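Right, one structure below, let's go through it.
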Amino acid sequence: MITLRVLALLAAVALAVGPAHAQISDGVVKIGVLNDQSGAYADISGPGSVVAARMAVEDFGAAKKGMKVEVISADHQNKPEVGSSIARQWYDRDGVDVIVDVPTSSVALAINQVTREKNKAFLVSGAATSDLTGKACSPNTIHWTYDTWMLAHGTGSAIVGTGKKTWFFLTADYAFGHALERDTEEVVVKNGGKVLGKVRHPLNAQDFSSFLLQAQSSKAQVIGLANAGGDTINSIKHAAEFGIVKGGQILAGMLVFITDVHATCAFAKRFAPQYKGNMPTMVQAGIYSAVLHYLKAVEALKSDDAPKVIAKMKEMPTDDPLFGKGRIRADGRKIHDAYLVEVKKPSESKGPWDYYKILATIPADKAFRPEKEGDCPLVK
Amino acid sequence: MTEIFGVPTQALFGQLLIGLINGSFYALLSLGLAVIFGLLNIINFTHGAQYMMGAFVAWFLLNKAGMGYWWALAVAPIAVGAFGVIIERTMLKQLYKLDHLYGLLLTFGLALIIQGLFRNEYGSSGLPYSIPSQLQGGQNLGFMFLPNYRAWVIVFSLAVCLSTWFVIEKTKLGSYLRAATENPELVRAFGINVPRMITLTYGFGVGLAALAGVMAAPIYSVNPLMGADLIIVVFAVVVIGGMGSIMGSIVTGFGLGIIEGLTKVFYPEASNTVIFIIMAIVLMFRPAGLFGTPR
């Protein structure tokens, strides 16, 4: 009887002490930025993503609101096994509540699984595979910035629309490349185009001339680059060297990063001095936007209980200076407008970072895959 | 159009040529390693980092001093070679009497430090370096378009490889070097400064790596990690050719470049493993490598 009474008393005490913080585990919201800190994707995500996450915490005004928020980071070296063991350690031992970023689709898919198992939250900005909101969708994951479906449909249909119907793919041989190739091929075929061939190259391949020569001899009108980062840079360089564009074929970079965010120069101007003068990428901008929205949901709930926070995030409309207004769908896809851009000719560029002209704005509901087509079990 | 295994002969010739270009880099790098191992018995794991430094020196010269590619071709090997000499004098020298493993650990550690420092400073997505104006454009060979710069790479690296082989195997200086590795005391008795010769040899091997780095700069972006991926392949080349064999490293460098090129046509997914498969097979049947002599 005495124990029961003590328990009741303790419960009463617990209720009396700060209801505001009662639900935040360990009294601190811990955000883990997990990405490539040293390899091929370190510049598009890397330490810059950590800066972006910190800026979001600052702009949210966590300190003023009496909320304790901590940002930590780690390097997954683009290896799924390294990534998932860090994620397990963070969730089990270090009290991390949410993992953000995670470029490299193969790693992101692994973290997606671990997060679901541990019932925590996962906000993806760096990874691209559309499977994260398709057959691998999870009630614990939100996919923020972009995905392969969006890239394929934005770029792919625009190019097929100009009458270039035959394609050859240069694909990075892992989850991301495969997804991007699959999604683009679907668009090409649907619009009456034809895929003449494809070649899969290893991630971080040194030399692309061999692959490009195969693309050249296929006589395809368009060479689709289903790769990213350094691989795309070298593919484009070597294509120029081997006279491929001069020969009449066009290169379609399905995913090209520019270290530039148009929407808000103010954000970029604050970001640069904190990250060696570099401009933010869209991945890093996505981190900022996602973390901000996450913290708003935590604030509204007064809890960092992952499933509830994710549900709240889906319920609340998103709004921030970088992406504007948007929302998150049941399958975890964050939707917003997208832009189709073409690289300016050197004569049109007014200076550093002025490289793009916007050809078209793709409205949010057209930019991403319709919910029903993704085979996500969460969508009924 | 005639075909071989379902691939048009035209395309095949193109791929053979590209294989030869990549082989030039393997040959230049493995040559440096072979010289260093053959004459110093040091397994130089810093080689990849020194190759990267060569490319970076070229970039610095262009962007900070306005000196172009041709200057870099001369200056970078000397600058990075001098860096190598300092390493040899201050660190490697202490390890000659110990097991190979110590040299390997030291150079591996140095490589990690150097790459880390560069990455910290310059990020990982690489810096641009363009092809010198004299070598831009290319020739249409009928079966493929050969960029002038790539043709230059083949010719120049072949020339460097063969002259190195000639100096070491056929000249008096080379005979001193080879004698000094067999029996340093005896060579010293003839009045030759053996330690200085060894130091300069290391500097030369490192210079070769830097030279390859300068040649790679216009093709690949100048990237702190450019050597880290390559060095493993180059070690496999050296092992296949026979550790320390000069001619072996040249022939296998070019040969494996071609084999890798063909793999990219027939089964591209395996193109970054094929060299290691060959290495495993060679080690099973000829543990000393194709051109090596068992010790």
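The values are calculated or read from the model by the stated rules, or taken from the named source; none is laboratory data. All of these numbers come straight from a predicted model, not from anything done at the bench. Counting neighbours? That spans all protein chains shown, and the Cβs are built from the backbone with ideal geometry, glycine included.
A few comments on the model shown:
- Listed by position, the strands (runs of 3 or more DSSP E) inside region A:278-349 whose residues that are touching a residue at least 60 places away in the same chain (Cβ under 8 Å) number at least 2 are A:324-328, A:338-343.
- Qualifying residue in region B:230-247 (condition: in contact (Cβ under 8 Å) with a residue 60 or more places away in the chain and in contact with an Asp or Glu (Cβ under 7 Å, 6 or more places away or on another chain)): yes
- Verdict on B:Asn63 being within 14 Å of chain A (Cβ to nearest Cβ) and not aliphatic (A, V, I, L, M): no
- Filtered residues of region A:216-254 (kept if buried (at least 22 other Cβ atoms within 10 Å of the Cβ) and of a type in the set (Ser, Thr, Tyr)): A:Ser235
- Any hit, region B:91-113, residues being in contact with a Pro (Cβ under 6 Å, 6 or more places away or on another chain) and either away from chain A (no Cβ under 14 Å) or of a type in the set (D, E, K, R) (or both): no
- Taking the numbered list (1) within 27 Å of B:Ile42 (Cα to Cα); (2) assigned to a loop (DSSP other than H, G, I, E, B) in turn, B:Val238 passes all entries but (2).
- Leading residue by the ranking (farthest from B:Arg150 (Cα to Cα)) among those in region B:198-253 that are within 14 Å of chain A (Cβ to nearest Cβ) and of a type in the set (Ser, Thr, Tyr): B:Ser221
- When region A:307-321 is limited to residues that are surrounded by fewer than 21 Cβ atoms within 10 Å (Cβ to Cβ) and not charged (D, E, K, R), the one that is farthest from A:Lys269 (Cα to Cα) turns out to be A:Pro307.
- Some residue of region A:160-170 being closer than 24 Å to A:Arg200 by Cα and of a type in the set (Gly, Ala, Ser): no
- Residue list for region B:137-157, restricted to those being in a strand (DSSP E or B) and either without any contact (Cβ under 8 Å) to a residue 60 or more places away in the chain or more than 10 Å from every other protein chain (Cβ to nearest Cβ) (or both): B:Gly138, B:Gln139, B:Asn140, B:Phe145, B:Pro147
- A:Val245 vs. criteria over 19 Å from B:Met144 (Cα atoms) and within 14 Å of chain B (Cβ to nearest Cβ): no
- Those residues of region B:87-108 which are assigned to a helix (DSSP H, G or I) and exposed (fewer than 13 other Cβ atoms within 10 Å of the Cβ), in sequence order: B:Thr90, B:Gln94, B:Leu101
- Within region B:255-286, considering residues that are touching a residue at least 60 places away in the same chain (Cβ under 8 Å) and surrounded by fewer than 23 Cβ atoms within 10 Å (Cβ to Cβ), the one farthest from the other protein chains (Cβ to nearest Cβ): B:Gly255
- Residues of region A:198-256 that turn out to be among the hydrophobic types (A, V, I, L, M, F, W, C) and closer than 18 Å to A:Thr184 by Cα, as a count: 14
- Residues (part of a loop (DSSP other than H, G, I, E, B), among the hydrophobic types (A, V, I, L, M, F, W, C) and without any contact (Cβ under 8 Å) to a residue 40 or more places away in the chain) located in region A:243-255: A:Ile244, A:Val245
- Counting only residues that are under 22 Å from B:Gly137 (Cα atoms), within 12 Å of chain B (Cβ to nearest Cβ) and either among the acidic types (Asp, Glu) or touching a Leu at 6+ places or on another chain (Cβ under 9 Å) (or both), region A:215-239 holds 7 of them.
- Search result, residues across region A:304-325 that are small (Gly, Ala, Ser) and either on the phi > 0 side of the Ramachandran plot or at pLDDT below 90 (or both): A:Gly324
- Of the residues making up region B:51-86, those that are surrounded by 15 or more Cβ atoms within 10 Å (Cβ to Cβ) and under 18 Å from B:Val194 (Cα atoms) are B:Gly84, B:Val85.
- Restricting region A:36-84 to residues that are within 14 Å of chain B (Cβ to nearest Cβ) and among the β-branched types (Val, Ile, Thr), the residue that is nearest to A:Gln23 (Cα to Cα): A:Val51
- Residues of region B:173-223 satisfying the condition of being crowded, with 21+ Cβ neighbours inside 10 Å and assigned to a loop (DSSP other than H, G, I, E, B): B:Ala217, B:Pro218, B:Ile219, B:Tyr220, B:Asn223
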